[in-house]
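Structure first, then comments.
The values are calculated or read from the model by the stated rules, or taken from the named source; none is laboratory data. Here the structure is a predicted model, which is why all the values come from computation and not from measurement. Glycine also receives a Cβ, built like all others from the backbone with ideal geometry; neighbour counts cover every protein chain displayed. Accessible surface areas use protein heavy atoms only, side chains included; no ligands, DNA or RNA. Shrake-Rupley method; radii C 1.70, N 1.55, O 1.52, S 1.80 Å.
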Amino acid sequence: MRLSAVALAQATVTSFHHFHSNAFTPLLPIRHHHPRSQRVLEAKKKRSSQKIRNASPSSPKGFAGSLSTKHSPPPLKESQSKPSTDGTSEFHSDMVSWLSRHPLTYISPKFHISPSELGGYGGFCSTTDSMQQNELIFRIPRECCVTFDDALNDKWCGEAFRAIRQKRDPDWSLLLIAGWIAKEYIMADLYSNNPSRREEQSWNDTIASRIKHWPYLKTLPWKPGLLSQDHVLFWSEDEIETLLKGSLAYDDAILIKSRVQDAIRIMSDAAMGSWILEEMEEMAPGQSEGSNLIDGLERAVTGAYVIALSRSFAEEVECDKEDGTTSIEVEVLLVPLLDILQHSNNPNTMLESYDDYIIMRARRAIQPGEELFHQYREEDDAIIPPHKFFTRYGFVPGVREPVVDLLKKRSPLFFD
């Protein structure tokens, strides 16, 4: 299954873990990345709370606004290299080209994107070259990531997202990311279905000109089966009752489904109540239908939660407060290109994170044609048992048999 959940690290300043919501399940032990042990990194990234408060809600984040901080290391020698699209799947080519426009991006010509035997796509070393230990594979600027800032500064929904954050609604951090990309997806759908805009230029160019992350967002699994994606959020109530009733995964699946329904109501009432109708009326007067918009909202939020649950990262941020004390907050983000890698409990890559970008390196020498893997979470039943791997990420590690078949056979992975 093509799902990404990894731990990032910043040498000396940052720690990340894959997002798990307290409301879904008791918080699991956070897996930090240490340069040697890969288990513990105590230093936290420091970010001024004043800087966050001073961010202009009306100013969209753009490439020109890249933040330079003292935590960033000196420029790497690869910084002048241009990313290559050679070996990139056609499905991901627009995303790679979009990333390449940022001056901090680096993608090794040895890095290829191809179909994976595990389902969907994966990252590979080229068939003609090997990678040396510690070799840089790619560098992704934070400005290309989907972050809280995108939601909080959004033209249409920023005020509602800031209110959600202030009230600390259940799962508010996940709601910011999932809600915002759902909003962007709905915008893309409105633009693509507007005949007048199709006459002006291709719908894809129209969307890309208005939605900054569209080249990345369109590569994500918004619908069942896309990229071999499976997830309980895509299952019907009948499927859950028939296949999961009595299993170890049943209660978790029901809770996740209920939380998404709550999110749909919150987004409908607080963040998307009027702007969809306003935007649609502007593009296609007299053609807006409330029932169709609600259906579209439900599909978009459901897909967005599948993406956020399976692919987002949770970053612990140490914030300076006005009284001179500090507090730890968790910020959730999506990282393009990184989530293409498949999971292995014996990974051959490692990550470093800095204030301006995220780096992936080879953990060891990698042979030509070898697939690249990262560890989403440690495969430890005491931390996250197989049935929760499925309800969160949509697959069971090390098992290629379809989950539906495992459930029908009452596999001990799912049944006591």
Worksheet, complete the sentence: Filtering the stretch 112-134 down to residues that are small (Gly, Ala, Ser) and more than 21 Å from Thr219 (Cα to Cα) yields Ser126, Ser130
Discussion item. Just the residues that are more than 15 Å from the chain's Cα centre (by Cα) and open to solvent by less than 10 Å² (accessible area, probe 1.4 Å), please, taken from the stretch 301-345.
Written reply: Val317, Cys319
Item to complete: Evaluate the stretch 348-362: report whether one residue or more is under 17 Å from Gly122 (Cβ atoms), of a type in the set (Val, Ile, Thr) and either in contact with a strand residue (DSSP E or B) (Cβ under 6 Å, 6 or more places away or on another chain) or open to solvent by 10 Å² or more (accessible area, probe 1.4 Å) (or both).
Response: yes
Worksheet item: When both residues are 6+ apart or on different chains and their Cβ atoms are under 7 Å apart, which pairs have a first residue that lies in the stretch 376-389 and is surrounded by fewer than 23 Cβ atoms within 10 Å (Cβ to Cβ), and a second that is part of a helix (DSSP H, G or I) and acidic (Asp, Glu)?
Response: Lys388/Asp252
Practice prompt. Filter the stretch 318-353 for residues that are of a type in the set (D, E, K, R) and in a loop (DSSP other than H, G, I, E, B) and give the result.
Written response: Lys321, Glu322, Asp323
